[in-house]
Amino acid sequence: MSVPTPSLTVRNVRLPPAAYRALNLDTDATAPLVDLDYIAANDAVEVHLTPHDASVEQRFDPAQPFASTIRIDAADDARRGVAREAAERRLVGRFPSPTSTPAAAPRCIDARGSLGIPGGLCHPHIHLDKCFLLDRCTLSDGTFSEALTATASAKAEFTHDDLVARGRRLIAASLSHGVTSMRAFVEVDPTVGLRCVEAGIALQAEFADRCHVQLVAFAQDPLFYPDAAKQQRMHQLLRHAAQSRQVDVVGSAPYVESSPEGDAVQQKTQQRRNIDFVFKLAEEFGKHVDFHLDYDLDPPGAAAEGREAMLPYVLGLSRGRSWDVRGQTRRVTIGHCTKLSVYTEGDIAALCEGVAEGVSVVALPPSDMYMQGRDQPYASRSRATLPLLELHKTLRLSWAMGVNNVANLFTPQGDADPLAMLPCMVGVWQSAKPRDCETLLNAVSTSARYAAGFTCSYDDAAVWADLTLLDGASGVQDAVCAPPFGRLTIAKGSMVAQRTIHSTLF
Ligand SMILES: [Zn+2]
């Protein structure tokens, strides 16, 4: 029996091992390639998958060492929709039809054995409003306090058009990298009011069919100012933003709270008040929770001295409280948490006693390694970002990784490519074992989607709406250790970005 004509066919895709496992297919060297057909069905699009044993010969061409291998194959259009063996063809995906499709989108792509990531890459933590500020801020000592002060000054000059232009550049660059979903932080405070949120909502609508831009109403500033009128204004603004139907998350950075006398114990009390406030607001309006937490390299110590970590407090609140966000269980997500890099085995064992469901921790290595440990001797400095590969094995939470910032004083380096972090982290965390490479790739794809509260399992039909092809990558280890610059991004069943590489030796 023939299949209805697909709107898009992607042939010869190699999948990550977890996807093969979900499909009950071999995951070893004999794993089959698959063809994917996207077929309109009423108000939805179905994804049909056909595994096959046809091999694709990839010979290294010394005259074109990095050239793209994926082909847009117009001549192959006639072969689309050919009858497939019903026994081999499976329905794996189903998602609502997009409201629009790119007019010039191709209908047949030959991946030629390249690795494809169902669900696409994901930013679990990225600041949409303070990207591309490097040329507006003076960089002198490079410290965190300089970054906070200089960025606060730059924020005072933000306009709607400026925010939209810089945010658009960030989302477009991310699409080109293969990112089809992101948790985007937009700040709320008396300086910017709701301007960043409004720009985020405009960008969310502009990219709706190409990239899922989830918004966090984020308090980078303290929630408890000494100035009562300013504090009231801050609370009103955050409450207003949290009510918006386009905002799915409420977040804060408790470590920025101060105590009137500079007392460490009082400062931790203020941090707990900040956390309580955000939890209460998120629960009231049915939103996820996201904290920038424990952003230092001081070992956890006694509460009586104000040296305790905040992570156990957040885990404690998470254990007791759950609610739904758009029909899914709320997520509690924690960014940075660099303090985990100096935990002893005993500290980790104590944390294991108090894990909670639906909690993710997101390492942000580009920022963490750039900013942390500057006052310590180089030879004895911690690696400054949490040890994701170790913690993934010992602490039963979900572990993801994000770029955090792009081109500002918090993180001057990088261009929003999640894969570009991975070779460096293979060195920092000292493993390229196949299973560890899977963990690293998951940290910027499936685990990142979990942290942001998106569907993430390969068993979930909605995940197959998006697919990021890593041009020429022969497997997960290859993609992690030397990610290809060539990419092809499919969102909601249409190709939305392609980056090809011309590479010629003369
Ligand atoms: Zn951040």
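Read-outs: derived from the displayed coordinates by stated rules, not from any lab. Quantities reported herein were computed from a predicted structural model and do not represent experimental measurements. Glycine gets a Cβ as well: all are built from the backbone with ideal geometry, and neighbour counts include every protein chain shown.
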MRE, 222 nm, helices only [DSSP H, n ≥ 4, -39500 (n - 2.57), over the chain, to nearest 500] | -8500 deg cm²/dmol
Selection from VAL247, ALA356, PRO418, by position along the positive dipole direction of the chain (Cβ) | VAL247
Fully extended contour minus Cα-Cα distance, from GLU157 to ARG499, at 0.36 nm per residue = 119.7 nm
Quick one: net charge of ALA67's neighbours, Cβ under 13 Å, K/R +1, D/E -1?
-> +2
Just check the stretch 233-367 against the gyration tensor rule for me: Cα atoms, a ≥ b ≥ c as the square roots of the eigenvalues, rounded for a/c under 1.5, and otherwise prolate or oblate depending on whether a/b exceeds b/c.
-> oblate
Report the charge-dipole magnitude of the stretch 124-276 in Debye, nearest 20, computed about the Cα centre from +1 at each Lys and Arg Cβ and -1 at each Asp and Glu Cβ.
-> 380 debye
Degrees between helix 195-206 axis and first principal axis of the chain (Cα, 0 to 90, nearest 10) = 10 degrees
Roughly what angle does helix 311-320 make with the longest principal axis of the chain, taking Cα atoms, 0 to 90 degrees, to the nearest 10?
-> 70 degrees
Could you tally the net charge around VAL249, taking each other residue with its Cβ under 10 Å from the Cβ of VAL249, Lys/Arg +1 and Asp/Glu -1?
-> +2
Theoretical FRET efficiency, 1/(1+(r/R0)^6), r = Cβ-Cβ of ASP324 and ARG272, R0 35 Å, to 0.05 | 0.90
Mind checking the full-extension length gain between CYS481 and ASP43? Use 0.36 nm per residue of separation minus the Cα-Cα distance, one decimal, nm.
-> 153.6 nm
Ranked from highest to lowest mean number of other Cβ atoms within 10 Å per residue, what is the order of the peptides 364-371, 197-204?
-> 364-371, 197-204
Taking a ≥ b ≥ c as the square roots of the eigenvalues of the Cα gyration tensor of the stretch 121-461, is the shape rounded (a/c under 1.5), prolate (a/b larger than b/c) or oblate?
-> rounded
Would you tally the net charge around ASN274, using a Cβ to Cβ cut-off of less than 12 Å, leaving ASN274 out, and scoring K and R as +1, D and E as -1?
-> +1
Could you give the length gained on full extension between VAL355 and ASP26, defined as 0.36 nm per residue of separation minus the Cα-Cα distance, in nm?
-> 115.1 nm
With everything on Cα atoms, drop me the angle between helix 144-155 and the longest principal axis of the chain, reported from 0 to 90° to the nearest 10.
-> 80 degrees
Could you give the dipole magnitude of the chain about its Cα centre, charging the beta-carbon of Lys and Arg +1 and that of Asp and Glu -1, in debye to the nearest 20?
-> 640 debye
Do the alpha carbons of any pairs in LYS230/LYS268; LYS393/LYS433; LYS280/LYS393; LYS287/LYS339; LYS339/LYS393 sit beyond 24 Å of each other, and which pairs?
-> LYS280/LYS393; LYS287/LYS339
Taking R0 as 35 Å and r as the Cβ-Cβ distance between GLN231 and GLU146, the FRET efficiency 1/(1 + (r/R0)^6), rounded to the nearest 0.05, comes to 0.85
